[in-house]
Amino acid sequence: MSALRYAVPGLLLLALVILLAFGLRRGDPSEIPSPLVGKPMPAFALPRLQDGAMVSAEQLVGQPRLINFWASWCTGCQVEHPLLMQLARVHGVEIVGMDYKDTPDAATAWLARHGNPYQQVLRDDAGTAGLDFGVYGVPETFVVGADGQILHKHVGPLTEEAWVQDIAPLLGAARGPT
Amino acid sequence: MSHWRGWALALLLGLSPLMAQELDPATEQRYQKMLAELRCVVCQNQTIAESNAPLAQDLREQVRKQIAAGRSDAEIRQYLVERYSDFVLYRPPLRPRTLLLWFGPALLLLLGLALAIRFSRASRKPVTVPAADDEALRRLLDKHS
């Protein structure tokens, strides 16, 4: 009986410790799981930065790509920028830039200064495409399969670790063995 | 400050209430109530009614537009959940995943009550058991002395 008296609070404490440990290991609580993963990317039609030609979501189907929301005013985008350059140049990853709530002049100047990793840049001046993609803070990067499905979402500056662990395997699988 | 700038400013200030679509009082109340139950996804401890984050402003504008377009509260909520997941709702839906969230506190309360009853019973027992009869005790002592 007295053994039970000590066992009950002990077990309760253990349960609490396990619960809290799970909570701590869950990672950054400000990261919101995207409900869009596993769904086709939302429709949009946006002007291209370079020439103003309208580009729609359907035109981006057919090849696995990264869709990267960025802006010239965004400091996190400068952090991930060298990695994007490397992915585009070394690994030949096709990256579409979504210029989120920016002005064409500022964006063009930024790309001229830092280099352009994007295959094409689309202007999301009002942030409407961002809203449909569930973007809540640039930079955010979506992995889109050849069929136009969103396979993964990365929030915040892209890291080497995220590339190796999460994104490269998805792109590799989507491309098929090379 | 030159004259025309002052005029332009006055004009802008005068026009600004007109630029936002005016809602009638009942709809305005519905709009405000709705905002108070939506979480700003950037600054997660604020509602989109309280937050000044640009995204919260966008979402307020969306809600206002959709209300003006005659969409129901459920439809607007659905629209937001499709983009930002259940995180935007301060009143999470009842699902297998959220069962613990909804009923956990009640469960803890019941557990606490059960423990409290158990311990109070256990601690009352030792007090009641040695209720010795003084008379019998004296007789017992007298017999052996």
Handout entry: Solvent-accessible ranking of A:Thr75, A:Thr141, largest area first, probe 1.4 Å
Key = A:Thr75, A:Thr141
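Rounded to the nearest 500 deg cm²/dmol, what is the calculated helix-only ellipticity per residue at 222 nm for the protein assembly as shown, with -39500 (n - 2.57) per DSSP H run of length n ≥ 4?
Rounded to the nearest 500, the figure is -16000 deg cm²/dmol.
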Practice task
Return the Cα extents of chain A along principal axes one, two and three, sorted largest first, each rounded to a whole Å.
Solution key: 81, 38, 30
Practice task
In whole Å, largest first, what are the principal axis extents of the Cα atoms in the range A:61-152?
Solution key: 33, 31, 18
Practice task
Compute the acute angle (0 to 90°) between the alpha-carbon long axis of helix A:104-114 and the principal axis of greatest extent of the alpha-carbon atoms of chain A; round to the nearest 10°.
Solution key: 80 degrees
Exercise for the section: Can you send over the solvent-accessible area of B:Asp24, 1.4 Å probe, protein chains only, in Å² to the nearest 10? Expected result: 80 Å²
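Could you please put A:Thr108, B:Thr47 in sequence from largest to smallest accessible area, using a 1.4 Å probe?
Working: A:Thr108 75, B:Thr47 20 Å².
Ranked list, largest accessible area first: A:Thr108, B:Thr47.
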Problem - Accessible area in square angstrom per residue, the protein assembly as shown, 1.4 angstrom probe - result: 62 Å²
Fill in the blank from the handout: Counting only protein heavy atoms and leaving out ligands, DNA and RNA, the solvent-accessible surface of A:Tyr118 at a 1.4 Å probe, in Å² to the nearest 10, equals 20 Å²
Practice task
Could you work out the equivalent-ellipsoid semi-axes for the protein assembly as shown, taking the square root of 5 times each eigenvalue of the Cα gyration tensor, largest first, in whole Å?
Solution key: 59, 30, 18
Exercise for the section: Return the value, in Å² to the nearest 100, of accessible area buried between chains B and A (probe 1.4 Å, both sides summed). Expected result: 1500 Å²
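Counting only Cα atoms, I'd like the Rg/Rh figure for the range A:99-178, Kirkwood definition for Rh.
Taking Rg over the Kirkwood Rh, I get 0.99.
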Practice task
On the full set of protein chains, 1.4 Å probe, figure out the accessible area of B:Leu55 and give it in Å² to the nearest 10.
Solution key: 10 Å²
Exercise for the section: Could you estimate the translational diffusion coefficient of the range B:30-89 from the Stokes-Einstein equation, with Rh from the Kirkwood formula over C-alpha pairs, at 25 °C and 0.890 mPa s, in whole µm²/s? Expected result: 220 µm²/s
Fill in the blank from the handout: Under a Gaussian network model of chain A whose springs join Cα atoms within less than 10 Å, the largest fluctuation of A:Leu11, A:Leu36, A:Leu122 belongs to A:Leu11
Problem - DSSP-defined antiparallel bridges as percent of all bridges, the protein assembly as shown, nearest 5 - result: 65 percent
Practice task
Using Cα centres only, tell me the gap between the range A:1-59 and the range B:21-71 in whole Å.
Solution key: 24 Å
Exercise for the section: Please report the base-10 log of the normalised intensity I(q)/I(0) for the range B:46-145, using a Debye sum with one equal scatterer per alpha carbon and no solvent, at each q in 0.16, 0.20 (1/Å). Expected result: -0.86, -1.06
Fill in the blank from the handout: Taking a crude spin-label model, label points 7 Å out from Cα along the C-beta direction, the B:Leu115 to B:Trp102 distance in nm is 2.6 nm
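The values are calculated or read from the model by the stated rules, or taken from the named source; none is laboratory data. Since this is a predicted model, take the numbers as computed values, not measurements. As a convention, Cβ positions derive from the backbone with ideal geometry for all residues, glycine included, and neighbour counts pool all protein chains shown. SASA here: full protein model, heavy atoms, side chains in, ligands and nucleic acids out. Shrake-Rupley method; radii C 1.70, N 1.55, O 1.52, S 1.80 Å.
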